[in-house]
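*Asks:* Below you will find the structure I want to go over with you.
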Amino acid sequence: QKRPLSSIIREVCDGWSLSGSEQFALRYADGPQLYITEQSRGEIKNGTILRLAISPGRAARQLLERIQSHGIDARLEALKELAKLSADPTFATEFINMEGIGTLARLVESGTHFGEMLAFTLTAFLELMDHGIVSWDLISLSFIKQIAGYVNQPMVDVSILQRSLAILESMVLNSHSLYHRVAQEITVGQLIGHLQVSNQEIQTYAIALINALFLKAPEDRRQEMASTLAQKHLRSIILNHVIRGNRPIKAEMAHQLYVLQVLTFNLLEERMMTKMDPNDQAQRDVIFELRRIAFDGDNDPTGTEKRKAMYTKDYKMLGFTNHVNPAMDFTQTPPGMLALDNMLYLAKVHQDTYIRIVLENSSREDKHECPFGRCAIELTRMLCEILQVGELPNEGCNDYHPMFFTHDRAWEEFFCVCIQLLNKTWKEMRATAEDFNKVMQVVREQINRALAMKPSSLDQLKNKLRGLNYSEILRLRQSERMSQDDFQSPPIIELRERIQPEILELIKQQRLNRLCEGSCFRKLGNRRRQEKFWFCRLSLNHKVLHYGDLDESPQGEVPFELLSDKIPVSDIKSVVTGKDCPHMKEKSALKQNKEVLELAFSVLYDPDETLNFVAPNKYEYCIWTDGLCALLGREMGSDLTRSDLDTLISMEMKLRLLDLENITIPEAPPPVPKEPSSYNFTYNYS
């Protein structure tokens, strides 16, 4: 490793009697077969096989000449080889410096390439652009028109269509000026047509391009685009051809559906952050309409004072905090005007439900009435938090909900289901105005638990919520955590303290056993659809971390022999998480999401090296950070450890206290009895 790379190459060339060593380079013999450079040579592991190959500059020059030759077969072979080599950053730099991207763009613009030849050309172009060496802004309008033409053609080869959609997506995401050009060339209707095919890869690329156009659209155009998507029945096409299709949904498709769901809900952000203007008559008319529907306002009294007094009484029955001017209730953001929109939708579309809720509460005793207005405003705020309205999509998330694709007004219908749940829970809890926050906490828990079950429709959501009534929530809470009241006496606290070290050791062993089994992690690349995985596991003697790249996500355990790299545990200096991780300090806007930060951790080891992780979920994150801390002799401080500790201590204590059921445990130990008057004890065994 100390000798210059050029002298090593010269020595190898001399051994094989090859002249001009500067025309040669070393490449990996296996895997992606990347070129070795002075910068990357430190990554070579002992036992890695390298091979001598022509230098990247010479290879780029030869391929550039061959792809411009007249022989069809020679050109096809050259493009095939170029598509493979373009993933190598060293080769890509040389090829781009020779104006190679311009040559490929001209080949596409000429329109003379078809079939395999065109597919290889587009693959090479996309790989070269993905290195970020050349700006996407340099792409010509004629190139965009040609690529858009392939997407708009009714019959085009699948591989060409796939790469064309990927190129257009990259253009939109990486260049503001190209967004406008692509938006002019591609219509949503043409993209929706690609969702009705049987190839899930094409469907995924099509939704990804729709999402990219949605994400980069100016704010004033997003509502217009959403209306166009609704008119083209995008939701029902996705529901019938993707979600309810006859193929399981892959991780990338799930991610794109999640992104579409987030972007759709983000359209509500403007209304959520808009305060009501108490002087705006049109907005006040909406509140009058709510009152009219609930109390049949045709029979209003004629006198101004009488009408004002009646309105105040009605607004109190509607549950507004401000009875005189309910418009003031909507001046806080969030939820702003979004809450009023939800209430009006309920009143007009589900009129019977609305009237029943209002009249039912107005006929209850004052202290037990459920304030509809206040509840609707608070519920809207809660739903915005649960569904993260206004937040950017998280790159590592696949958490879409099928039920939101089953209705054109899914948000409003979801609110209508939840407001009925709130009213029902209020009755079950026999709540009063002082219990408002307690009721909202229970309702939040009911909604979160129901969403975690991934109901496939709104009707299924109603069934799940029906099963999660207040008594069931109490039962679940009781079974999930130890009742604090029963375990506060000093003897019980002392027993808990004695048990805790044993339980912590048990948790530590479980974490280390899981690290020995290993986990698969995904590499965050430029394009998620070309997913790359790597696997990491701890040796059985807990002395070495083994890791290595994989072509696909593994099923089960990966043998140590397949993991080529390793780190001795003795070399590990520390474990850092979140924003302190090197790979989290510079990320694109889409990745700067708190969920990705919450799943990131890095191992820092000698000499100044790092191994960066992004866990697939919170559970794996806790397992690995706990396990690594245990290896370093540090405290395991994850949420999972606290939860496991509470659960296991609770179980152990309940088992030990079984014989004391229904016996009151004294606060202090019983007194020692007096000494006997005589120690001359006898016992007759006969």
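The values are calculated or read from the model by the stated rules, or taken from the named source; none is laboratory data. What you are looking at is a predicted structure, and each value in this text was computed from that prediction instead of being measured. All Cβ positions, even for glycine, are placed from backbone atoms using ideal geometry, and neighbour counts span all protein chains on display. With ligands, DNA and RNA removed, areas are computed over all heavy atoms of the protein, side chains included. Shrake-Rupley method; radii C 1.70, N 1.55, O 1.52, S 1.80 Å.
*Asks:* Within the range 354-367, can you find the residues that are closer than 24 Å to Lys438 by Cβ and surrounded by 15 or more Cβ atoms within 10 Å (Cβ to Cβ)?
*Replies:* Across the range 354-367, the qualifying residues are Ile357, Val358, Asn361, Ser362.
*Asks:* I've got another one for you. Just the residues that are over 29 Å from Leu104 (Cβ atoms) and either open to solvent by less than 70 Å² (accessible area, probe 1.4 Å) or of a type in the set (A, V, I, L, M) (or both), please, taken from the range 9-25. Quick ask: steps written out before the conclusion?
*Replies:* Our first condition is that a residue be over 29 Å from Leu104 (Cβ atoms); within the range 9-25, this holds for 9-19, 21.
Residues satisfying the conditions are Ile9, Val12, Cys13, Gly15, Leu18, Ser21.
*Asks:* Report, ordered by the first and then the second residue, all pairs with beta carbons closer than 9 Å, sequence separation of six or more or different chains, a first member in the range 558-571 that is small (Gly, Ala, Ser), and a second member that is open to solvent by less than 60 Å² (accessible area, probe 1.4 Å).
*Replies:* Sorted first by the residue in the range 558-571, then by its partner, the pairs are Ser564/Thr48; Ser564/His546; Ser564/Tyr547; Ser564/Gly548.
Conditions (1) assigned by the TED database to the domain that holds Arg522; (2) open to solvent by 80 Å² or more (accessible area, probe 1.4 Å); (3) assigned to a helix (DSSP H, G or I), marked per residue:
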| residue | (1), (2), (3) |
| --- | --- |
| Tyr258 | no, no, yes |
| Leu263 | no, no, yes |
| Arg271 | no, yes, yes |
| Lys275 | no, yes, no |
| Asp285 | no, no, yes |
| Lys308 | no, yes, yes |
| Asp329 | no, no, yes |
| Pro335 | no, no, no |
| Asp352 | no, yes, yes |
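*Asks:* Output yes when any residue across the range 30-48 is touching a Phe, Trp or Tyr at 6+ places or on another chain (Cβ under 8 Å), touching a residue at least 60 places away in the same chain (Cβ under 8 Å) and not acidic (Asp, Glu), and no when none is.
*Replies:* Applying the first criterion (touching a Phe, Trp or Tyr at 6+ places or on another chain (Cβ under 8 Å)) to the range 30-48 yields 34-36, 48.
Imposing the further condition that a residue be touching a residue at least 60 places away in the same chain (Cβ under 8 Å) reduces the set to 48.
This time we only want the ones that are not acidic (Asp, Glu), so: 48.
Looking through the range 30-48, at least one residue is touching a Phe, Trp or Tyr at 6+ places or on another chain (Cβ under 8 Å), touching a residue at least 60 places away in the same chain (Cβ under 8 Å) and not acidic (Asp, Glu).
*Asks:* Take the range 26-60 and flag every residue that is crowded, with 18+ Cβ neighbours inside 10 Å and either more than 24 Å from Gly548 (Cβ to Cβ) or among the basic types (Lys, Arg) (or both).
*Replies:* Passing the criteria: Arg27, Ser55, Pro56, Gly57, Ala59, Ala60.
*Asks:* If only one of Ser142, Ser110 is of a type in the set (S, T, N, Q) and in contact (Cβ under 8 Å) with a residue 12 or more places away in the chain, which one is it?
*Replies:* Ser142
*Asks:* Mind checking which helices (runs of 4 or more DSSP H) fall wholly inside the range 573-686 and carry at least 3 residues that are open to solvent by 70 Å² or more (accessible area, probe 1.4 Å) and modelled with pLDDT of 85 or more? So that I can check it myself, show each step before the final result.
*Replies:* Values: elements: 594-599, 618-631, 639-656.
By residue number, 639-656.
*Asks:* Another question, if that's okay. Quick check on the range 199-212. Is at least one of its residues open to solvent by 40 Å² or more (accessible area, probe 1.4 Å), within 22 Å of the chain's Cα centre (by Cα), modelled with pLDDT of 90 or more and more than 22 Å from His113 (Cα to Cα)? Steps first, answer last, please.
*Replies:* From the range 199-212, those open to solvent by 40 Å² or more (accessible area, probe 1.4 Å) are 199, 201; that's our starting set.
Then drop every residue that is not within 22 Å of the chain's Cα centre (by Cα), which leaves 201.
After this cut, where a residue has to be modelled with pLDDT of 90 or more as well, the list is 201.
After this cut, where a residue has to be more than 22 Å from His113 (Cα to Cα) as well, the list is 201.
Taking every residue of the range 199-212 in turn, at least one turns out to be open to solvent by 40 Å² or more (accessible area, probe 1.4 Å), within 22 Å of the chain's Cα centre (by Cα), modelled with pLDDT of 90 or more and more than 22 Å from His113 (Cα to Cα).
*Asks:* Further, regarding this structure: Can you run down the residue pairs with Cβ atoms below 8 Å, 6 or more apart or on separate chains, where the first is in the range 491-506 and more than 12 Å from Met653 (Cα to Cα) and the partner is in a helix (DSSP H, G or I) and of a type in the set (A, V, I, L, M)?
*Replies:* Within 8 Å, the pairs are Leu504/Leu645; Leu506/Leu648.
*Asks:* Do we find that Ile492 is assigned to a helix (DSSP H, G or I), open to solvent by less than 30 Å² (accessible area, probe 1.4 Å) and either at pLDDT 95 or above or charged (D, E, K, R) (or both) in this structure?
*Replies:* It is false that Ile492 is assigned to a helix (DSSP H, G or I), open to solvent by less than 30 Å² (accessible area, probe 1.4 Å) and either at pLDDT 95 or above or charged (D, E, K, R) (or both).
*Asks:* I'd like to know if the range 20-32 contains one or more residues that are more than 23 Å from Glu81 (Cα to Cα) and of a type outside the set (Gly, Ala, Ser).
*Replies:* So far as the range 20-32 goes, no, none of its residues is more than 23 Å from Glu81 (Cα to Cα) and of a type outside the set (Gly, Ala, Ser).
*Asks:* Which one of these is at pLDDT below 90 and within 22 Å of Thr647 (Cα to Cα): Leu476, Leu504, Leu512? Can you show your working first?
*Replies:* Working: Leu504 fails: at pLDDT below 90; Leu512 fails: at pLDDT below 90.
Among Leu476, Leu504, Leu512, only Leu476 is at pLDDT below 90 and within 22 Å of Thr647 (Cα to Cα).
*Asks:* Can you report the number of residues in the range 384-409 which are among the aromatic types (Phe, Trp, Tyr) and not in a loop (DSSP other than H, G, I, E, B)?
*Replies:* Step one: of the range 384-409, the residues among the aromatic types (Phe, Trp, Tyr) are 400, 404-405.
When the remaining residues are screened for being not in a loop (DSSP other than H, G, I, E, B), the result is 404-405.
So the count comes out to 2.
*Asks:* Can you tell me which of Leu191, Leu215, Leu178 is in contact with a helix residue (DSSP H, G or I) (Cβ under 8 Å, 6 or more places away or on another chain), surrounded by 16 or more Cβ atoms within 10 Å (Cβ to Cβ) and more than 26 Å from Asp157 (Cα to Cα)? Working first, answer last.
*Replies:* Numbers: Leu191 fails: more than 26 Å from Asp157 (Cα to Cα); Leu178 fails: more than 26 Å from Asp157 (Cα to Cα).
Unique residue meeting the criteria: Leu215.
*Asks:* Here's another thing I want to ask about it. With the requirement that a residue be modelled with pLDDT of 85 or more, open to solvent by 30 Å² or more (accessible area, probe 1.4 Å) and within 30 Å of the chain's Cα centre (by Cα), what does the range 550-564 give you?
*Replies:* Matches in the range 550-564: Pro559 only.
*Asks:* If you take the residues of the range 318-327 that are in contact (Cβ under 8 Å) with a residue 12 or more places away in the chain and surrounded by fewer than 21 Cβ atoms within 10 Å (Cβ to Cβ), which of them is nearest to Asn266 (Cα to Cα)? Explain how you work it out, then say what you get.
*Replies:* Restricting attention to the range 318-327, the residues satisfying the condition of being in contact (Cβ under 8 Å) with a residue 12 or more places away in the chain are 318-321, 324-327.
Going one step further and asking which of them are surrounded by fewer than 21 Cβ atoms within 10 Å (Cβ to Cβ), we end up with 321, 324-325, 327.
Details: Thr321: 28, Val324: 33, Asn325: 30, Ala327: 24 Å.
Top of the filtered list is Ala327.
*Asks:* Quick one: would you say Leu63 is in contact with a Leu (Cβ under 6 Å, 6 or more places away or on another chain), part of a strand (DSSP E or B) and open to solvent by less than 100 Å² (accessible area, probe 1.4 Å)? Before you say what the answer is, go through the steps one by one.
*Replies:* Working: in contact with a Leu (Cβ under 6 Å, 6 or more places away or on another chain): yes; part of a strand (DSSP E or B): no; open to solvent by less than 100 Å² (accessible area, probe 1.4 Å): yes.
It is false that Leu63 is in contact with a Leu (Cβ under 6 Å, 6 or more places away or on another chain), part of a strand (DSSP E or B) and open to solvent by less than 100 Å² (accessible area, probe 1.4 Å).
*Asks:* Given the conditions (1) under 30 Å from Ala615 (Cα atoms); (2) open to solvent by less than 20 Å² (accessible area, probe 1.4 Å); (3) touching a Phe, Trp or Tyr at 6+ places or on another chain (Cβ under 9 Å), report the number of the one that Glu395 does not fulfil.
*Replies:* Status for Glu395: all satisfied but (3).
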